[in-house]
Amino acid sequence: MSNSTPDAPADTSGSAPDAMPDTALRSRVAVEVEALRASFDAGTTRSIEARLEQLEKLRRGIRAENGRLSAALAEDLGKSRLEAAMTEIGIVGQEIAHMQKNLRAWLRPTSFNLGMLQAPSSGQLHREPLGVVLIISPWNYPVNLTLSPLIGAIAGGNTALVKPSEVAPATSAALAHLVRTHLDPEWVRVIEGAVPETTAILEQRFDLIFYTGNSTVGRIVARAAAEHLTPTVLELGGKSPVFVDEGVDPAAAARRIMWGKLTNTGQTCVAPDYLMATPSTIEKLVPHLKRAVRAMHGADASRSPEFGRMVNDKHFQRVLALIDDDKAVLGGTTQADAAARYLPPTILTDVDWDDPVMAEEIFGPVLPILAVDGPDEAIARIREREKPLTAYVFSSDKDVEQRFATETSSGSLALGVTVAHVGAATMPFGGVGESGMGTYHGKASLEAFTHTKPVVKKPLKPDTLRLVYPPHRGFKKALLGRLLR
């Protein structure tokens, strides 16, 4: 579950440098980065035992700060304690446990063969730490999307600078407290702040930048990284489509679609962004979508303890402007409450492809429904847009499922489910094209935060390389030519 919305970058972590840092801020940031690099160079993070110890400190710290983190998430996003446990704190705990269980095996060198021409020889692949890494996290899942990549950074043997999102200020403060209280400063440091702090941080050289957010700021991060040839992992977003095929159980599909859409009030980058189906399927599906909303959040979702709020006034107004009340068959602007930042679950029908709601990632509790002729048109519509972070298909036809797998491109493809798959520690998660680059979670996190280094060895005797030493003539030339052919 990732990222922040694609609106003006001044409202998200890693924002555009429209407020330049002063000399004192630059110096403070440089001191933090230099301290982390000195710690890494001293070998503090090299041993597996030290990495496992730091992961355990993180696990215990999360447990100790559970109440503080849950309260911060409720303050920033209106998340219930149970939703915070399911989508934020609990997932991180599972990720740590998965990494602790498998880290030794994943770090064990693996052998490879250099081929007959280089025999006798041997080769091994070693995973080595990258160095000092930067993690810039978003506001929508601020605990999960800060600490999940941090697990990979620690497991990989790196030191890390963490920049939480200022758009979720209570959670940013809680994360800073967690890091400073429970983790060793030789391993992890945190800098809070907004545009000036992010700009000052991006001026420093890192060995990897891990950014979760929108594609606008992703480009800014990538440009800053390019100054130092720093690799990046960019977890971005996009309009994740849903196709519902004819013949699918409408009640079961509706529950899964609306649960995925309304989790975190729709402020989820892998939330179903828009739904496609044939007109006859839409007619059958819409009543079940309404029932699913009522079953989960009652007749008035503003009274539901498990339905959150938009993160701030700006995002509230942005999503509100996307709603066309003439097309709303559920919810709409008349039920919204600006003072409480409450947007009701909203379903729009008869939506056109050039409507404002289709121009950008919605990132709110609004589901537009568009009519298509069938799988052919749905696939064509997906292909004509930017590649999404994920795509969803509900079909009882295996051939239709296979067509979406082979004929569309997305960060992931989920068949018969929404959102839940992203929480699996065993599944690499990431985007493609406009929706991002690089993956993480579980082993993929370790791979993201390490370099796979080949280590080769060839004995000096017998010197089988004599065949390739110049001069090349006579029998040696003929034999070498034959071998190369």
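If you take the residues of the stretch 29-73 that are among the basic types (Lys, Arg) and part of a helix (DSSP H, G or I), which of them is surrounded by the most Cβ atoms within 10 Å (Cβ to Cβ)?
Within the stretch 29-73, the match that is surrounded by the most Cβ atoms within 10 Å (Cβ to Cβ) is ARG51.
Could you tell me which numbered condition ALA359 fails, if it satisfies all but one of (1) under 29 Å from MET296 (Cα atoms); (2) surrounded by 20 or more Cβ atoms within 10 Å (Cβ to Cβ); (3) more than 13 Å from the chain's Cα centre (by Cα)?
(2)
Among the numbered criteria (1) out of contact with any Ser or Thr (no Cβ under 7 Å at 6 or more places or on another chain); (2) more than 26 Å from SER435 (Cα to Cα), which single criterion is violated by LEU150?
Answer for LEU150: the failing condition is (2).
Can you confirm whether THR426 is under 30 Å from ARG385 (Cα atoms) and modelled with pLDDT under 95?
Against the criterion (under 30 Å from ARG385 (Cα atoms) and modelled with pLDDT under 95), THR426 qualifies.
I'm trying to understand the selection: among the residues of the stretch 276-298, which are closer than 15 Å to THR346 by Cβ and open to solvent by less than 40 Å² (accessible area, probe 1.4 Å)?
VAL286, LEU289, ALA292, VAL293, HIS297, listed by residue number.
Across the stretch 395-431, which residue is surrounded by the fewest Cβ atoms within 10 Å (Cβ to Cβ) among those that are assigned to a helix (DSSP H, G or I) and within 14 Å of the chain's Cα centre (by Cα)?
Out of the qualifying residues, it is ALA420.
Look through ARG223, ARG205, ARG189 and report the one residue that is open to solvent by 40 Å² or more (accessible area, probe 1.4 Å), out of contact with any Cys (no Cβ under 9 Å at 6 or more places or on another chain), over 25 Å from THR408 (Cα atoms) and free of Cβ contacts under 8 Å to residues at least 12 places away in the same chain.
Within the list ARG223, ARG205, ARG189, the selection yields ARG223.
What about GLU377, is it under 26 Å from the mean Cα position of the chain (by Cα), open to solvent by 30 Å² or more (accessible area, probe 1.4 Å) and among the acidic types (Asp, Glu)?
It is false that GLU377 is under 26 Å from the mean Cα position of the chain (by Cα), open to solvent by 30 Å² or more (accessible area, probe 1.4 Å) and among the acidic types (Asp, Glu).
Are any residues in the stretch 232-275 free of Cβ contacts under 8 Å to residues at least 40 places away in the same chain and surrounded by fewer than 24 Cβ atoms within 10 Å (Cβ to Cβ), and if so, which ones?
ASP249, PRO250, ALA252
What strands (runs of 3 or more DSSP E), lying completely within the stretch 96-142, carry at least 2 residues that are open to solvent by 50 Å² or more (accessible area, probe 1.4 Å) and farther than 22 Å from VAL422 by Cβ?
110-112, 122-129
Scan the stretch 432-456 for residues that are part of a helix (DSSP H, G or I) and over 16 Å from PRO388 (Cβ atoms) and jot them down.
LYS443, ALA444, SER445, LEU446, GLU447, ALA448
Give the stretch 449-468 a look and list any residue that's modelled with pLDDT of 90 or more and exposed (fewer than 10 other Cβ atoms within 10 Å of the Cβ), or say none.
Within the stretch 449-468, LEU460, LYS461, PRO462 qualify.
Only one of ALA301, ALA340 is in contact (Cβ under 8 Å) with a residue 24 or more places away in the chain, out of contact with any helix residue (DSSP H, G or I) (no Cβ under 6 Å at 6 or more places or on another chain) and surrounded by fewer than 17 Cβ atoms within 10 Å (Cβ to Cβ). Can you tell me which?
Exactly one of ALA301, ALA340 is in contact (Cβ under 8 Å) with a residue 24 or more places away in the chain, out of contact with any helix residue (DSSP H, G or I) (no Cβ under 6 Å at 6 or more places or on another chain) and surrounded by fewer than 17 Cβ atoms within 10 Å (Cβ to Cβ), namely ALA340.
Please count how many residues of the stretch 339-371 are in a loop (DSSP other than H, G, I, E, B) and over 19 Å from HIS288 (Cα atoms).
The number of residues fulfilling the criteria is 14.
The values are calculated or read from the model by the stated rules, or taken from the named source; none is laboratory data. Predicted, not measured: the structure shown is a model, and the values here were computed from it. No Cβ is skipped: glycine too gets one built from the backbone with ideal geometry, and neighbour counts run over all protein chains shown. Remember, those area values only see protein heavy atoms, side chains included, never the ligands or the DNA or RNA. Shrake-Rupley method; radii C 1.70, N 1.55, O 1.52, S 1.80 Å.
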